[in-house]
Amino acid sequence: YFQTGLVYRGLLPKRDDDQCGVAFGCGFYSPYYNQFIDSQNKALYNQYGSAYNGTVPDGPTDAKAPNAKTGKPGSSKAYYAYAPHFTSTQVLEAFYLVQLNKWATIKPYAQYIRNPAGNNTVPDDWILGASVGVKF
């Protein structure tokens, strides 16, 4: 994982205490985790325990359950899909912090998250928000 960013003060005239910034972060998943996922995918037994097809073959994301007596595809029931490999997740954020007075701030921000689940099963997303800060 790594993260970096920049913050700039006083972007707007007469707003010397305001801040604007941008940040980027990226998290990577271990290749050992993907090896574990592969081992689990290969160990998926068919739901009928057919001697003709003891494990789900490599390749398809879903496989039709074979007939327990013949080993031929027959049932409309399907195996669970193979678990996908994990790669990385990236976050890009931009914000503008408004210093309202000596003790209060408001900070609207926008985040773009690429590959949120880390395995391409969830589409990229935008998050818009704001935070309020109060100093006592």
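The residues of the range 82-98 that are part of a strand (DSSP E or B) and open to solvent by less than 70 Å² (accessible area, probe 1.4 Å), listed by number, are S88, T89, Q90, V91, E93, A94, F95, Y96, L97, V98.
Residue-wise test of (1) under 21 Å from F2 (Cα atoms); (2) modelled with pLDDT of 90 or more.
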residue: A51; (1), (2): no, no
residue: G59; (1), (2): no, no
residue: D62; (1), (2): no, no
residue: N67; (1), (2): no, no
residue: G71; (1), (2): no, no
residue: V91; (1), (2): yes, yes
residue: T105; (1), (2): no, yes
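Would you mind stating whether F86 is at pLDDT 95 or above and either under 30 Å from I127 (Cβ atoms) or under 29 Å from the mean Cα position of the chain (by Cα) (or both)? When the stated conditions are applied, F86 does not pass them.
The residues in the range 99-136 that are surrounded by fewer than 16 Cβ atoms within 10 Å (Cβ to Cβ) and either in a strand (DSSP E or B) or among the aromatic types (F, W, Y) (or both) can be counted, and the count is 18.
The values are calculated or read from the model by the stated rules, or taken from the named source; none is laboratory data. All of these numbers come straight from a predicted model, not from anything done at the bench. Methodologically, a virtual Cβ is constructed for each residue, glycine included, from the backbone with ideal geometry; neighbour enumeration extends over all protein chains shown. Note: accessible area is taken over every heavy atom of the protein model, side chains too, but ligands, DNA and RNA are not part of it. Shrake-Rupley method; radii C 1.70, N 1.55, O 1.52, S 1.80 Å.
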